[in-house]
Amino acid sequence: MLYTIGFLAVLGSALGWLFLKTYQLPFANWIGRSFWISLLIYLLGLYFEEAALLVKLFLMLPLDVAVFISLLLLFNRYVTKSKIWFTVVAAILLAVKFFFFDLASDWFKQNLSTTKDGNTWSSVSLADDGELLIDLNTQFSQQELFAFCKKLDVSCRLAFPNIARPENTSLDEFYVIDIPQKRSKDWEKIAKEFQSAGLIDAFEANELMQLDLPAAAPTRKTQPDFGLNDPYVPQLWGFEVMQVQELFDLLRNIQPRKVATIAIVDTGVESKHEDLQANFHSINADYDTDPVGHGTHCAGIAAAVSNNGKGIASFSLNNRFVRVTSVRVLNRFGGGTQKDVINGIIEAVDKGADVISLSLGGPSLDSYQQAYEEVVKYASQKGAIVVAAAGNADEDAATFAPANVKGVIAVAAVDENLRKASFSNRVGSLDMPIAAPGVNICSTFPNNEYRFLSGTSMATPYVAALLGIMKAIRPTLTAAQAYQLLQQTAADVPDAQQTGRLIQPGKAVAALLAWQ
Amino acid sequence: MTVTGRVTYQAIATGFWGIVDEQGKKWRMVNPPSALCKEGLHISAEVRVLEEVVSIFMWGLPVEILSFRILEKY
């Protein structure tokens, strides 16, 4: 609007000055001075006009100058000669400028320029996988976004899952929307549905567009690879906050006394996974498949093969310290009974497990609490340490079993900001609380896949992995002794009263070595 | 038994749909009908509480939906 007003004012003041001066009428000088004010308004309008700089400099400005000079020359003739001729040509020139040219300019803006909120990307060519990038409105949660996606029958994932310090940027609010192939033409309509619901601040077609990063966003620190060649290691944000480099430096110079066995008591484990197979020890072939994927994910966190050029890595640089095994106690829906879990613990202990990793749980039932305590005692007598997830209901884990069972190390989840994960149960009232990363954790998934999952389920195998290494170094280590070392060496985190302190594997192993 | 509350999706573990009832109690649907898979939907459902109280989700009591009534659209 300012641009149009400026142009008309420049034109009007120039023509008015010429007219008044030619007929020697009053106010000619006053109108002449107003030309310069009009020119300033025009230049400001042009500067703020929504168009690319090149379009402004080489298309809009030259055309405006041409129209201005043509009209001025014609008006000069008008003042002295034919008025009809001037009127006709002036009308044509102004029509060209305000209708044809402005329409052309709009077309340029819509098709060649990059804007953030664009709703008119009719000519973009979309990526086959992840057609839209959206910027989630911070008033909505990830869960609400996922729910809305489900409603629209599209899938959604974090656009930049490997952000280690999201507090430094807003990139963690960006998600990729995958639209089914047959509906890919409807992407604009789908994007508008997100906007109408208020869920997103902006959307972008995922190919031609570039993210409009906040100008003040600092350069992100690249997540280190810890000298490992596994491609997804830089995605393991927890490695840095747990300072695993210290652990790796220690493990290179330690000779373990045994290979400790970590039992994943869960939905089964896909033992043939490319990033698990070399570290997997089967105790029953029936347990070595995983229809859900949860057990396989946990197994990868606990003992994925490191430095094999595939997938992720675990705390174990090689297979001299730990191996992982599977005991299936949950069905294909991820559910089971407390009786099944207790039987699974017994089986794992009897088959020689050193660490029992329980990424499962349910409400504490009086009828089973005693049985849980007995089986944990049994495990302890056999030299096994039981570690269990705190639960995901954002409640007090004191009412949640087996995390609340005496003798069990209970694990809460922290997010990438090292705050309590929004879903994590609180473990502050339990005997042996500890925290580990549990949000957006990349790990192994059936069919040689890798996925990001969240939950105290993901935090638990990190602790199990550390306990496994400690048991390999000192096989007689008890749960109480191990917990004391974990607790003494752990790092303070903002919500430690609710989550316990964050494990620091290198420091825990160093303390164990000093203690021997 | 009858559960009255709002439907919620939880991206925990492999993800699931649940109900938070008017007392704030959580119920995890093991067989959520597609009509109920809408965030914030206000519903009343006849449910059967399952014996399989242990799960990878660790959120609420698992229930099978026997019948339901939508009280308010999202």
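Quick look at the numbers
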| quantity | calculated |
| --- | --- |
| Sites A:Asn229 and B:Gln23 - FRET efficiency at Förster radius 41 Å, r taken between beta-carbons, to 0.05 | 0.20 |
| Separation of alpha-carbon centers, the range A:232-297 and the range A:351-425, rounded to whole Å | 19 Å |
| Simple spin-label estimate for A:Asn284 and B:Ser34 in nanometres, 7 Å along Cα-Cβ | 3.7 nm |
| Residue-span extension gain [A:Ala66 to A:Gln487] - 0.36 nm each, minus C-alpha spacing | 143.7 nm |
| Ascending count of other beta-carbon atoms within 10 Å, so fewest first, for A:Ser38, A:Ser457, A:Ser306, A:Ser141 | A:Ser141, A:Ser38, A:Ser306, A:Ser457 |
| Sites A:Ile37 and A:Asp201 - FRET efficiency at Förster radius 51 Å, r taken between beta-carbons, to 0.05 | 0.85 |
| Antiparallel DSSP beta bridges within the protein assembly as shown, as percent of all bridges there, nearest 5 | 65 percent |
| Likely footprinting exposure, B:Met1, B:Met58, A:Met470, A:Met242, fewest C-beta neighbours within 10 Å first | B:Met1, A:Met242, A:Met470, B:Met58 |
| Förster-model FRET efficiency, 45 Å R0, A:Asp366 and A:Arg257, C-beta, rounded to 0.05 | 0.65 |
| ³J(HN,Hα) computed for each position of the range A:267-283 - Karplus, 6.51 cos²θ - 1.76 cosθ + 1.60, integer Hz, glycine/proline x | 8, x, 9, 6, 5, 8, 4, 4, 9, 10, 3, 5, 10, 9, 10, 8, 10 |
| For the range A:327-424: relative contact order, % (alpha-carbon pairs under 8 angstrom, 6 or more apart) | 24 percent |
| Inter-chain shielding of B:30-37 (mean C-beta neighbours from other protein chains, 10 Å cut-off) | 1 |
| Relative contact order [Cα under 8 Å, 6+ residues apart], chain A, whole percent | 11 percent |
| Sorted peptide list for A:20-26, A:43-49, A:333-339, criterion being average Cβ within 10 angstrom, highest first | A:333-339, A:43-49, A:20-26 |
| A:Asn76 versus A:Lys377: modelled label distance in nm, points set 7 Å from Cα along the beta carbon direction | 11.0 nm |
| Gain upon complete extension [A:Ala511, A:Ala28; 0.36 nm per residue less C-alpha separation] | 164.7 nm |
| Ranking of A:His294, A:His281, B:His42, A:His273 by count of other Cβ atoms within 10 Å, fewest first | B:His42, A:His281, A:His273, A:His294 |
| Pairs from A:Lys351/A:Lys382; A:Lys258/A:Lys507; A:Lys150/B:Lys38 whose Cα-Cα separation, in the structure shown, is over 18 Å | A:Lys258/A:Lys507 |
| Peptide B:43-52, shielding by other chains (average Cβ, 10 Å cutoff) | 2 |
| Whole-number percent relative contact order across chain B, with pairs defined as alpha carbons under 8 Å at least 6 apart | 34 percent |
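The numbers here are math on the coordinates, done by the rules we state, and not lab data. Just so you know, these numbers come straight off a predicted model, no measurement behind them. In this analysis, Cβ positions are derived from the backbone assuming ideal geometry, glycine residues included, and neighbour counts consider all displayed protein chains.
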